[in-house]
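Read through the structure below, which is laid out as structure tokens, and then see the notes.
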Amino acid sequence: MDRREFLKHAATLALFAPLARFGAFAAEDVPAIPGLTDKKSEIAEGPQVARRPYKNTALTVPLLGMGMMRLPTKGRGIIDYEAARKLVERAMRAGINYFDTAWFYHKGESENCVGELLSKYPRESYYLADKMPCRVLETEADVDRIFKEQLRKCKVEYFDFYLMHALNARTWKKSQELHVYEYLKKQQAAGKIRLLGFSFHDNYQVLREIANAKEWDFCQIQLNYIDWKAYHSKEQYEILTRRGIPAVLMEPLKGGRLAKIRPEAEAILRKARPNDTPAAWAFRFAGSLPNVLVMLSGMTRMEHMEENIKTFSPFEPLTEQERLVLAEAFGKDAVDAVPCTTCEYCLPCPATVNIPRVFKIYNGYKSSGDKEQFKKDLGALDAEDHGAKACVSCGLCLKKCPQKIPIPTWMGTIVREQTLAQK
């Protein structure tokens, strides 16, 4: 998408209602949600991140939520519990009390970590979101077994937000056959789920079908200023808005891609707001949409946490002039060669290719032009048989990638560019 096209789509944000309606509500003026009361961190102190109400209720959630998919790790990808504990504590102090986990995250260990770390806090002081892994379900018994196992792992008696995970045309059909929605509605009626939604990875026509098929309390979609056009996030957002379904956002930084942009692009942003980082601009783009309830960020390091707290306390929506500044910077920045968000759903690869790492190296090369670093980093992966050269084009990754990236084709392209770089 060129700068002119981006300007056209960025300007559509002005059509939405102003954010003034997200001001504070008096508790006596708005209804409560049965079984779900407003939750505030018991250890909140210092600057607090902005909060938004759930629809027109007294329930408020932090505009910034903590995604538990990219927790700090030590050797062999093992979660570093002590580092994660410090991040959770800092989040709670800043009022970031919405935590999002899933069955697949950290190879099944994220839920255990969440259960261990959050059990230190009163249950009424935080919101917990978890997800039913629809793509691995085979029988209706699996649905019941997994749901009960998630409650056990997370050490809770209920989930505040619960989602059917990564719905697309195939998993939606399967979940209907297995009556997943009906099972979860029963759990909601029993108080085990407070708000029921789904996360989504497919084209917007499929989203419209799913959104219209059932009653949903919220929906989680991928949205950022690159994907507004490229991934049809605009159409997805508008479908949810028309249906009155609040949007929870994943990948507002596109897997960290928007936190580090080309120097000439960053210079444009710094000139307009010297103290704001590229990540802050990306968050402000997404958060300027009034139907956005929560934005999730996988804050792996404490410096990520501190930077994000600064952006969200207070949160300032983009002005019309700032939208134009962002569009100008976007025109100077290289769009990813591969739209990978490093979610790692493609792993493990039977040929041992570290697919997300290969794409990250390649995208870094296309952005920076640093041929020597490109050769060095890919060479190190090749030495361990984890590089693009190890790909056998088996195609198993194609079924798992939520971005629908033609991974084997890209691996061939990267091998060819690697060969050229070595000449």
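The values are calculated or read from the model by the stated rules, or taken from the named source; none is laboratory data. Since this is a predicted model, take the numbers as computed values, not measurements. Virtual Cβ from ideal backbone geometry, glycine too; neighbours counted across all protein chains shown.
List of remarks:
- Residue match in the stretch 330-351 (condition: of a type outside the set (Gly, Ala, Ser) and at positive phi): yes
- As a summary of the residue check, residue 106 satisfies the conditions (1) in a helix (DSSP H, G or I); (2) in contact (Cβ under 8 Å) with a residue 40 or more places away in the chain; (3) farther than 15 Å from residue 301 by Cα except for the one numbered (2).
- All conditions in (1) assigned to a loop (DSSP other than H, G, I, E, B); (2) without any contact (Cβ under 8 Å) to a residue 60 or more places away in the chain hold for residue 403, with the sole exception of (2).
- Criterion: assigned by TED's automatic domain parsing to the domain that holds residue 226, modelled with pLDDT of 95 or more, hydrophobic (A, V, I, L, M, F, W, C) and in contact with a strand residue (DSSP E or B) (Cβ under 7 Å, 6 or more places away or on another chain) - qualifying residue of 315, 283: 283
- Taken over the stretch 382-397, the criterion of being modelled with pLDDT under 90 and assigned to a helix (DSSP H, G or I) is satisfied by 382, 383.
- Matching entry among 352, 341 (being touching a residue at least 60 places away in the same chain (Cβ under 8 Å), of a type in the set (S, T, N, Q) and touching an Asp or Glu at 6+ places or on another chain (Cβ under 9 Å)): 341
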